[in-house]
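Remarks on the structure that follows.
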Amino acid sequence: MHPELASHPDSTRWNARYGGDFVPSFSPHPLAELALSLPLPAGPVLDLACGPSGSALLAAAAGRRVTAVDISGVALGLLAGEAARRGVAHLIDLVHADLGTWRPPDGYAFVLATGYWDRALFAPATAAVVAGGLLAWEAFTTEARRGRPSLPAEWCLAEGEPANLLPPGFEVISQTGHDDNRKRRLLARRG
């Protein structure tokens, strides 16, 4: 874990959420379940803003190497413990990083981000997907701000996003709203 992130406000907030009496479910996200059921090229999986990710565990259980990135050292610790318990720790690389500045290398068969949105990260995340690979993203929409006015606008997808931000060469498999359109899910394949 990186000590310089200990005082980062996002790290402090998420560490508090995942600490104490928090009990992770380790349930994979439905986008991960769907994507991992589809044909994928060889290669690793990238789970952005992973938290204590059941999705990373699902991919590792399928024999995929996984890079799991989060700003919360507590969340990564929970994930590491569960990965060890399931015997897949050797397949999961934990990256303690601020996604406001961290950028992925290329070469992933599947890139997943759920519950997180940063326009500046979206283009590098799409570039990290190999030909034939999948990108899955879920984030709040501007509709979510009606019920949560404190939710920063920059954390919310605008109309048509993220599909309208995909670079050429990606085919949208689906983009759907859910939770009364407070969230939007995208699944796309790179041609």
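The values are calculated or read from the model by the stated rules, or taken from the named source; none is laboratory data. Treat the numbers as computed from the prediction; the structure is a model and nothing was measured. Cβ coordinates were reconstructed from backbone atoms using ideal geometry, including for glycine residues, and neighbour counts include every protein chain displayed. Surface areas here come from the heavy atoms of the whole protein model, side chains and all, with no ligands, DNA or RNA. Shrake-Rupley method; radii C 1.70, N 1.55, O 1.52, S 1.80 Å.
Among the residues of region 67-80, none qualifies, meaning not one is of a type in the set (V, I, T), out of contact with any His (no Cβ under 9 Å at 6 or more places or on another chain), crowded, with 23+ Cβ neighbours inside 10 Å and modelled with pLDDT of 95 or more.
In region 82-117, which residues are outside any loop (DSSP other than H, G, I, E, B) and free of Cβ contacts under 8 Å to residues at least 40 places away in the same chain? Across region 82-117, the qualifying residues are A83, A84, R85, R86, A89, H90, L91, I92, D93, L94, V95. Scanning region 49-69 for residues that are under 9 Å from the mean Cα position of the chain (by Cα) and on the phi > 0 side of the Ramachandran plot returns A49, G51. Tallying residues that are small (G, A, S), loosely packed, with under 13 Cβ neighbours inside 10 Å and part of a loop (DSSP other than H, G, I, E, B) within region 1-37 yields 4.
I'm trying to understand the selection: among the residues of region 157-188, which are crowded, with 19+ Cβ neighbours inside 10 Å and either in contact with an Asp or Glu (Cβ under 8 Å, 6 or more places away or on another chain) or of a type in the set (K, R) (or both)? The answer is K183, R184, R185, L186, A188.
For region 83-103, filtered to residues that are open to solvent by less than 20 Å² (accessible area, probe 1.4 Å) and within 26 Å of L38 (Cα to Cα), the residue that is nearest to the chain's Cα centre (by Cα) is I92. The C-beta contact set for region 124-136 (first residue farther than 15 Å from I173 by Cβ and open to solvent by 20 Å² or more (accessible area, probe 1.4 Å), second residue hydroxyl-bearing (S, T, Y) and not in a helix (DSSP H, G or I), distance under 7 angstrom, 6+ apart or interchain) comprises V130/Y108. For region 38-45, the criterion of being surrounded by 13 or more Cβ atoms within 10 Å (Cβ to Cβ), over 16 Å from A188 (Cβ atoms) and in contact with a helix residue (DSSP H, G or I) (Cβ under 8 Å, 6 or more places away or on another chain) is met by no residue.
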